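Colleague: One structure coming up, written as structure tokens, with questions to follow.
Quick note: the coordinates plus some simple rules give every number you see, no bench work behind them. Predicted, not measured: the structure shown is a model, and the values here were computed from it. Quick reminder, even Gly has a Cβ in these numbers, built from the backbone with ideal geometry, and neighbours come from all protein chains shown.
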Amino acid sequence: MSVEKLEKQIDDLMDKRDKLEEKCDTLPECEKDDGCETCKVFAEIEKLDEEIEKLEEKLDELIGSDDED
């Protein structure tokens, strides 16, 4: 996978995450102290964070291997 493709995927996921976070701020359960634990939107945000982290690691590996050439 190319660096550009990974960067695009990361950007797309970050946009999706930002939109979910904005939505999350408006939900009534977010006003409760334990709201994040039961919030489905927050669970989606966490999944996106994991995906973003994996893609960033792949990107670092690709960039790192380019530096070594």
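Yes/no matrix, rows are residues, columns are (1) surrounded by 14 or more Cβ atoms within 10 Å (Cβ to Cβ); (2) touching a Leu at 6+ places or on another chain (Cβ under 9 Å); (3) among the acidic types (D, E):
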| residue | (1), (2), (3) |
| --- | --- |
| S2 | no, yes, no |
| K5 | no, no, no |
| Q9 | yes, yes, no |
| E31 | no, no, yes |
| F42 | yes, yes, no |
| L48 | yes, yes, no |
| L55 | yes, yes, no |
| L59 | yes, yes, no |
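Colleague: Something else about it: Could you tell me which of the residues L48, L59 is in a helix (DSSP H, G or I), under 11 Å from the mean Cα position of the chain (by Cα) and without any contact (Cβ under 8 Å) to a residue 60 or more places away in the chain? Give the derivation first.
Modeller: Working: L59 fails: under 11 Å from the mean Cα position of the chain (by Cα).
Just one listed residue meets the conditions, L48.
Colleague: Out of segment 11-29, which residues are surrounded by 12 or more Cβ atoms within 10 Å (Cβ to Cβ) and over 29 Å from D60 (Cβ atoms)?
Modeller: Within segment 11-29, K23, L27, E29 meet the criteria.
Colleague: What are the pairs with Cβ atoms under 9 angstrom where one residue, in segment 28-40, is acidic (D, E) and the other, located anywhere, is assigned to a loop (DSSP other than H, G, I, E, B)? Sequence gap at least six, or different chains.
Modeller: E29/C39
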